[in-house]
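Reading through the structure tokens given below for one structure.
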Amino acid sequence: MTLDTWMQGGLDYIMLQYLNIDGIRILGSVLGQSIALDYYVRQVDGMVAEFTDINRGMEKARNITMERKKLFQLVGKENSNLADVIHKLGLFER
């Protein structure tokens, strides 16, 4: 089978027109970024759930019942994740 484009893929397969080091590098980079992004999506989902609980509590009681230390840890974790996504994954380099 010959491909009209250099690559064809789906949810569980990838086919290359030619198997060479450049294609392997590109696929490795894309797959690595996809796996890392899945990890960060799970992290962010958990933080959004925590912030949602905090916001609901503030709506009802008009104050935060969370310890100050835990709040700073949550904000720090969010900032670290943002920095990791931008810098370590290099999503905005190309």
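Values for this structure:
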{"item": "Selection within the stretch 31-60 - within 17 Å of Asn79 (Cβ to Cβ) and polar (S, T, N, Q)", "result": "Gln43"}
{"item": "Test: Asn79 is modelled with pLDDT under 85 and in a helix (DSSP H, G or I)", "result": "yes"}
{"item": "Positions within the stretch 1-56 being loosely packed, with under 10 Cβ neighbours inside 10 Å and among the aromatic types (Phe, Trp, Tyr), in sequence order", "result": "Tyr13, Tyr18"}
{"item": "Single condition Ser34 does not satisfy, out of (1) over 26 Å from Asp84 (Cα atoms); (2) part of a helix (DSSP H, G or I)", "result": "(1)"}
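The values are calculated or read from the model by the stated rules, or taken from the named source; none is laboratory data. Quantities reported herein were computed from a predicted structural model and do not represent experimental measurements. Note: ideal-geometry Cβ built from the backbone for every residue, glycine included; neighbour counts use all protein chains shown.
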